[in-house]
Amino acid sequence: MKSIYVGIDISKNTLDFCIKSSNGISFQKIDNKIRNIRKLLKTLVKMNVKVFIAMENTGYYNYNLYQVLESFDFNVYVLDPKHIKRSIGLVRGKNDKVDAKRIAFFIERNHQDFECWEPCSEAVKSLKILMGQRKSKIKQRKGIKQQMTDLRDIAFNSSTRKLIKINQKAINELDRHIKEIETLIRAEIKSEPALGAQVKRIKTVPGIGDVTAWMITIKTEGFQRLTDPRKLACFAGVVPFEQQSGTSLKTKPRVSKMADMALKSVLQMAAMRAVRMKNDLQAYYLRKVEEGKNKMSVLNAVRNKLIHIAMALIKNQTNYKNRLELS
């Protein structure tokens, strides 16, 4: 059966399609609306060919595509934009049409190296949106708190003091919003008993609390992808890689900057909590530090261990058991 390769460049209002077949290349631009997407994809079905569709992960703007693609039997790939950017070499200029073409050519050459996209559950979809909103609220709160700090240094009259009170009210309101969002997150997890059991299971690991468990749930699509702890650790940027070339370049292994920073950040906080508690990870941390290891390197190893332990619990369907004997 013949194959066609479709690259989609996604923006808020429009979608640019590049359709590459044995007959050549064609382009189409449509509105980013479910009705328009479904109409175009039906024309691909009528061609009676094997369809490979690729797009970059752009967050919310992908959701209409995801909803429509669930009802079609296409080979779909959601790619990291950095992967495509680094694969095309030196280029000058860009636009939506050219980007769609680059995605189509990329997936034609490399589709065998990627896993096909699979739709996630409704609860996981909701979790992604809710966690995105939570992150936005926390960022707003952080900005206002910084303004409060600056204002307190120059609170020389009644106007600035009143402004401080206004900002404090905004912070209190954001705190309320964050708590309400977290309540919705817990409700979504409870709506799927199997998912709720998995989240509860990884929270038995020392240091892993609600936010870390929620983040791992989202990044693994409800524990359906990236379940290999090594791949998840690479994705999180906690695996050190060697830097060596001949005899002129050889440095200590370092973690890569190409990482999911949201996951890496929450794992850092989880590791810092874990080494403050009486458990196996604290014993490991203290032992390595006493041996002269760099504290940050050991803490990174703890982050790696947290991922491996959590994924082992998911695989074996068990809870964490502390092997450290407390006196």
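The values are calculated or read from the model by the stated rules, or taken from the named source; none is laboratory data. Everything numeric in this text was worked out from a predicted model, so none of it was measured. As a convention, Cβ positions derive from the backbone with ideal geometry for all residues, glycine included, and neighbour counts pool all protein chains shown. Please note that ligands, DNA and RNA were not included when accessible areas were found on the heavy atoms of the full protein model with its side chains. Shrake-Rupley method; radii C 1.70, N 1.55, O 1.52, S 1.80 Å.
Report whether or not Val238 is in contact with a strand residue (DSSP E or B) (Cβ under 9 Å, 6 or more places away or on another chain), among the β-branched types (Val, Ile, Thr) and open to solvent by less than 80 Å² (accessible area, probe 1.4 Å). Considered against the rule, which asks whether it is in contact with a strand residue (DSSP E or B) (Cβ under 9 Å, 6 or more places away or on another chain), among the β-branched types (Val, Ile, Thr) and open to solvent by less than 80 Å² (accessible area, probe 1.4 Å), Val238 comes out as yes. Among the residues examined, Thr149 does not qualify as open to solvent by less than 40 Å² (accessible area, probe 1.4 Å) and of a type in the set (Ser, Thr, Tyr). For the range 289-309, a residue qualifies if it is β-branched (Val, Ile, Thr) and touching a residue at least 24 places away in the same chain (Cβ under 8 Å), and the qualifying residues are Val302, Ile307, Ile309. Restricting the first member to the range 253-277 and to residues that are buried (at least 18 other Cβ atoms within 10 Å of the Cβ), and the second to residues that are polar (S, T, N, Q), the beta-carbon pairs closer than 8 Å and six or more apart or on different chains are Val255/Asn300; Val266/Thr212; Leu267/Thr212; Ala270/Thr212; Ala271/Asn300; Ala274/Gln282; Val275/Gln282. Within the range 88-116, the set of residues being farther than 16 Å from Cys18 by Cβ and assigned to a helix (DSSP H, G or I) comprises Gln112, Asp113.
Residues that are hydroxyl-bearing (Ser, Thr, Tyr) and outside any helix (DSSP H, G or I) were ranked within the range 278-327; the one that is most open to solvent (accessible area, probe 1.4 Å) is Ser327. Within the range 221-274, if we keep just the residues that are farther than 29 Å from Ile129 by Cβ and β-branched (Val, Ile, Thr), the residue that is modelled with the lowest pLDDT turns out to be Thr247.
Inside the range 156-186, residues that are over 22 Å from Gly132 (Cβ atoms), assigned to a helix (DSSP H, G or I) and either open to solvent by 90 Å² or more (accessible area, probe 1.4 Å) or polar (S, T, N, Q) (or both) make up a count of 11.
Got at least one residue in the range 20-34 being part of a strand (DSSP E or B) and within 18 Å of Glu118 (Cα to Cα)? Within the range 20-34, none of the residues are part of a strand (DSSP E or B) and within 18 Å of Glu118 (Cα to Cα).
Listed conditions (1) modelled with pLDDT under 90; (2) within 27 Å of Lys203 (Cα to Cα) are all met by Gln282, apart from (1). For Val68, state whether it is among the hydrophobic types (A, V, I, L, M, F, W, C) and closer than 14 Å to Met1 by Cα. It is false that Val68 is among the hydrophobic types (A, V, I, L, M, F, W, C) and closer than 14 Å to Met1 by Cα.
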